[in-house]
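Only one structure is covered here, and it is reproduced in the block below.
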């Protein structure tokens, strides 16, 4: 009589190769192919992609072996260097900024994040952020931050521009609730002080010499993330809804801010990557020079200048095509063509401001990305943008990482 062995469809073992720092039990929280579960090749593929999406791996492959007792799944991971110095900079004409510090996106091998840096951008600032991604393997996380932000801020009083020395000290904390592998809710608040002190002496009607406020910030955000990574290529979409309320500790009324970000990415062939970002924002519509939405080269419109204008509403669309020009084992080079456009509502203005040509800007340009594939977010960005309506308005914008 010949013995017949019934092969089980159960997964008997899950292994991980290539881990230098990341803990196996942390990765196991993000996969469905676990010992004791039924083997499903589609789930293994999804698990492989989830591992890559954790930001600490450049790539991952899955090797599946069938035995008489069941299936053995082995994930071969290409772990990135995640403890890195920060040395980034950017600049446009007559304006330059630099950051020096350190960042870690896999602290303790469990996806915790730490960032601390000194920045010179008109004036000296520093910031420290600490994120505990999933406390004790739960679906809860915590963000802590301590910030001193100091710049020179151009504020607008009618047709007059007045420069202020702006200083902000912030202590904040937010909690995170992970709804599943990709989506989360974040909520919390901060206490901060703001000081605006005039750095120019020319008299301007309505422009105070100094403004000093103590404020409380409350905020909530919801994120739906359906982006997949393959090295520096991105495919999918991401939506984030944000709401904030700011209450001054004096007689000023509460101030509200709402904004929505929608990002869409699409692989085009083997070397192309389409990327777009749509931001819609509204705030309390006070006729004040301290409006929250800023027109700025580093934030939304490349080449426009440094904090050119402010508004209580914003509609911004950034579109770019990234095309790989060179790809080697450790490095890559991308060329980029982009268009940035936006419209603002004036402080105290109407919704019709969005359709006013005076409030609309349209820029286009090109750039290059120098990429190190073995280091997290090691992308040097150089862009040149110019105004399609006024070509004489233009500038270079440098920075670290993709623009969005």
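The values are calculated or read from the model by the stated rules, or taken from the named source; none is laboratory data. All values derive from a computational prediction rather than experimental measurement. Please note: Cβ atoms are built from the backbone with ideal geometry, for glycine as well, and neighbour counts cover all protein chains shown.
Descriptive notes on the structure:
- Just one of the listed residues (220, 204, 171) is over 22 Å from residue 144 (Cα atoms) and either assigned by TED's automatic domain parsing to the domain that holds residue 142 or at pLDDT below 95 (or both), and it is 204.
- Taken over region 46-65, the residue count meeting the criterion of being touching a residue at least 12 places away in the same chain (Cβ under 8 Å) and either more than 26 Å from the chain's Cα centre (by Cα) or in a loop (DSSP other than H, G, I, E, B) (or both) is 8.
- Of all residues in region 304-321 being free of Cβ contacts under 8 Å to residues at least 60 places away in the same chain and in a strand (DSSP E or B), the one that is nearest to residue 367 (Cα to Cα): 321
- Which numbered condition residue 285 misses (of (1) surrounded by 15 or more Cβ atoms within 10 Å (Cβ to Cβ); (2) free of Cβ contacts under 8 Å to residues at least 60 places away in the same chain): (2)
- Region 67-90, subset assigned to a loop (DSSP other than H, G, I, E, B) and more than 32 Å from the chain's Cα centre (by Cα), residue surrounded by the fewest Cβ atoms within 10 Å (Cβ to Cβ): 68
- Residue 150 falls short on exactly one of the conditions (1) out of contact with any strand residue (DSSP E or B) (no Cβ under 6 Å at 6 or more places or on another chain); (2) buried (at least 18 other Cβ atoms within 10 Å of the Cβ), and that condition is (1).
- Considering 34, 43, the condition of being at negative phi, in a loop (DSSP other than H, G, I, E, B) and either in contact with a helix residue (DSSP H, G or I) (Cβ under 7 Å, 6 or more places away or on another chain) or not assigned by TED's automatic domain parsing to the domain that holds residue 225 (or both) is satisfied by 34 alone.
- Odd one out for residue 163 among (1) assigned by TED's automatic domain parsing to the domain that holds residue 226; (2) surrounded by fewer than 18 Cβ atoms within 10 Å (Cβ to Cβ); (3) at pLDDT 90 or above; (4) not in a loop (DSSP other than H, G, I, E, B): (3)
- Qualifying positions in region 325-355 - within 29 Å of residue 274 (Cα to Cα) and assigned to a loop (DSSP other than H, G, I, E, B): 328, 329, 330
- Qualifying residue in region 387-400 (condition: surrounded by 15 or more Cβ atoms within 10 Å (Cβ to Cβ), assigned by TED's automatic domain parsing to the domain that holds residue 300, touching a strand residue (DSSP E or B) at 6+ places or on another chain (Cβ under 7 Å) and without any contact (Cβ under 8 Å) to a residue 60 or more places away in the chain): no
- For region 172-188, the set of residues classified as surrounded by 14 or more Cβ atoms within 10 Å (Cβ to Cβ) and over 19 Å from the mean Cα position of the chain (by Cα) is empty.
- Residue that is farthest from residue 106 (Cα to Cα), among those in region 18-31 that are part of a helix (DSSP H, G or I) and either touching a strand residue (DSSP E or B) at 6+ places or on another chain (Cβ under 8 Å) or outside the structural domain of residue 71 (by TED's automatic domain parsing) (or both): 28
- The set of residues in region 212-226 being closer than 25 Å to residue 252 by Cα and surrounded by fewer than 17 Cβ atoms within 10 Å (Cβ to Cβ) consists of 212, 213, 214, 216, 218, 220.
- Within region 104-116, restricting attention to residues that are in contact (Cβ under 8 Å) with a residue 40 or more places away in the chain and not in a loop (DSSP other than H, G, I, E, B), the residue that is surrounded by the most Cβ atoms within 10 Å (Cβ to Cβ) is 106.
- Scanning region 356-380 for residues that are in contact (Cβ under 8 Å) with a residue 60 or more places away in the chain, assigned to a loop (DSSP other than H, G, I, E, B) and surrounded by fewer than 16 Cβ atoms within 10 Å (Cβ to Cβ) yields a single hit, 374.
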